[in-house]
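Novice: Supplied in C-alpha cells, the structure appears directly below.
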Amino acid sequence: MQKEQRTFIAVKPDGVKRALVGEIIKRFEQKGYKLIAMKMLDVTPEMAQKHYGEHIGKPFYPRLIEYIQSGPIVAMVWKGYNVIAGCRQLMGSTRPEEAQVGTIRADYALVQEYNVVHGSDSEASAEREIAIYFDESEICDEYQNMAEIVDVRLDD
Ligand code: DAT
Ligand code: MG
C-alpha cells in the first residue's frame, strides 16, 4: 500500500548560521521527496514550547529552548512515500557521534546540542509540528513534481 505522508523539517539556527540550508534541502530533494512549504522565521517562545513540549522538565530543556530561538530557522513541509522515516534516516541519529557516516548529522554536526536539523518522528508529531509553523493555506501541494510529470508523459 502506498504510504504517502507529510513531515515537518527545520534547518535549525546553527544550520542557518553555517550556511547549510542548501546542502540540507538538496539531500531531501535528491532522495525524491516533494517540497510543499518553506519559510525562514524566528521561533517565538510559544512556538519553542509547543515544538519541544515532550521534553519539558528534562535537564537539557532550557538550553534547547534557548538554542532554537538563537537565530532564524528554515521551516519546511516535505511530502512523499514513507517521508517521515526516510528523512530521519537521511538526518541520522540525534547524537552525531552515533549517526551513520553520510547522514546530515554525521557529516555536519559534532554534538547533539547543535545537530543542525529537525525532523518529525511520527505521523502524529508531523501533523502537530506542521500546525505550529504553517497555516494549511501556505502549503503548496497542488503542483506535480518532475517525477510525476515524467511518469504521466511516459504513460501516454
Ligand atoms: P531528535 O531531534 O533526533 O528528534 P529528540 O526529539 O530526542 O531528538 O530531542 C530533541 C532535541 O533535543 C535534539 O535534536 C537535541 C536535544 N537533545 C535531546 N536529548 C538531549 C540530551 N540528552 N542532551 C542535550 N540535548 C539533547
Ligand atoms: Mg524529536
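Novice: Anything in region 62-87 that is assigned to a helix (DSSP H, G or I) and closer than 16 Å to Ile130 by Cβ? List them, or say none.
Specialist: Those that are assigned to a helix (DSSP H, G or I) and closer than 16 Å to Ile130 by Cβ: Val83, Ile84, Cys87.
Novice: Here's another thing I want to ask about it. If you check Ile104 against the conditions, is it under 21 Å from Ile68 (Cα atoms), among the hydrophobic types (A, V, I, L, M, F, W, C) and more than 14 Å from ligand 1 (Cβ to nearest atom)?
Specialist: no
Novice: Kindly check whether there is at least one residue in region 135-144 that is closer than 17 Å to Lys31 by Cβ, at pLDDT below 95, surrounded by fewer than 14 Cβ atoms within 10 Å (Cβ to Cβ) and more than 14 Å from ligand 1 (Cβ to nearest atom).
Specialist: no
Novice: Same structure, new question: Take the conditions closer than 22 Å to Gln5 by Cβ and over 16 Å from the mean Cα position of the chain (by Cα) and apply them to Cys87. Does it pass?
Specialist: Against the criterion (closer than 22 Å to Gln5 by Cβ and over 16 Å from the mean Cα position of the chain (by Cα)), Cys87 does not qualify.
Novice: Have a look at Val83, Val117 and point out the one that is within 11 Å of ligand 1 (Cβ to nearest atom) and buried (at least 20 other Cβ atoms within 10 Å of the Cβ).
Specialist: Val117
Novice: Sticking with this structure for a sec: Output the residues belonging to region 29-59 that are small (Gly, Ala, Ser) and closer than 21 Å to Pro72 by Cα.
Specialist: The answer is Ala37, Ala48, Gly53.
Novice: Given the residues Glu113, Glu129, Glu54, which is the only one that is within 18 Å of the chain's Cα centre (by Cα), at pLDDT 95 or above, within 18 Å of Leu35 (Cβ to Cβ) and assigned to a helix (DSSP H, G or I)?
Specialist: Step by step, each of Glu113, Glu129, Glu54 is checked, and only Glu129 is within 18 Å of the chain's Cα centre (by Cα), at pLDDT 95 or above, within 18 Å of Leu35 (Cβ to Cβ) and assigned to a helix (DSSP H, G or I).
Novice: Here's another thing I want to ask about it. With the structure loaded, tell me whether Ile132 is farther than 26 Å from Lys3 by Cβ, within 14 Å of ligand 2 (Cβ to nearest atom) and surrounded by 16 or more Cβ atoms within 10 Å (Cβ to Cβ) or whether it fails that test.
Specialist: When the stated conditions are applied, Ile132 does not pass them.
Novice: For Pro72, work out the one condition from (1) closer than 20 Å to Tyr143 by Cβ; (2) in contact (Cβ under 8 Å) with a residue 24 or more places away in the chain it doesn't fulfil.
Specialist: (1)
Novice: If we keep just the residues of region 8-61 that are of a type in the set (S, T, N, Q) and away from ligand 2 (no atom under 16 Å from the Cβ), which is surrounded by the fewest Cβ atoms within 10 Å (Cβ to Cβ)?
Specialist: Among them, the one singled out is Gln30.
Novice: Turning to a different aspect of this structure: Is it true that some residue in region 81-100 is more than 15 Å from ligand 2 (Cβ to nearest atom), in contact with a strand residue (DSSP E or B) (Cβ under 6 Å, 6 or more places away or on another chain) and of a type in the set (D, E, K, R)?
Specialist: No; the residues of region 81-100 include none that is more than 15 Å from ligand 2 (Cβ to nearest atom), in contact with a strand residue (DSSP E or B) (Cβ under 6 Å, 6 or more places away or on another chain) and of a type in the set (D, E, K, R).
Novice: For region 97-114, how many residues are over 17 Å from Phe28 (Cα atoms) and buried (at least 22 other Cβ atoms within 10 Å of the Cβ)?
Specialist: Selection size over region 97-114: 1.
The values are calculated or read from the model by the stated rules, or taken from the named source; none is laboratory data. If you're wondering where the values come from, they're calculated on a predicted model, not measured in any experiment. Every residue, glycine among them, receives a Cβ derived from its backbone with ideal geometry; neighbour counts consider all protein chains shown.
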